[in-house]
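Nothing in this text is a laboratory measurement; each read-out follows from the coordinates by a stated rule. What you are looking at is a predicted structure, and each value in this text was computed from that prediction instead of being measured.
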């Protein structure tokens, strides 16, 4: 059973999709500046980022917050 969550911008999107979209939008270097975690700064990859973010709640929260701010930005289209 799935519930609709119209007020949850993260509903239906995976952490992997979030990381990929943020990397495509900002690039690894800028992403590492915006969210100060080593997996974005030192030999970054989607796989290593996901491994860290799935185990580290504060970092995942920071990435999700950045994603929400990014998709709500008037300068970001689609």
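Our summary gives the chain a relative contact order of 27 percent, counting only alpha carbon pairs under 8 angstrom and 6 or more residues apart.
How much length, in nm to one decimal, is gained on full extension between residue 36 and residue 54, taken as 0.36 nm per residue of separation minus their Cα-Cα distance? Could the numbers behind the result be given before it?
Working: separation 18, 0.36 × 18 = 6.48 nm, distance 1.61 nm.
Here the segment from residue 36 to residue 54 would lengthen by 4.9 nm.
Taking the alpha carbon gyration tensor of the stretch 24-78, what are the square roots of 5 times its eigenvalues, largest first, to the nearest whole Å?
Over the Cα atoms of the stretch 24-78, the semi-axes work out to 20, 13, 9 Å.
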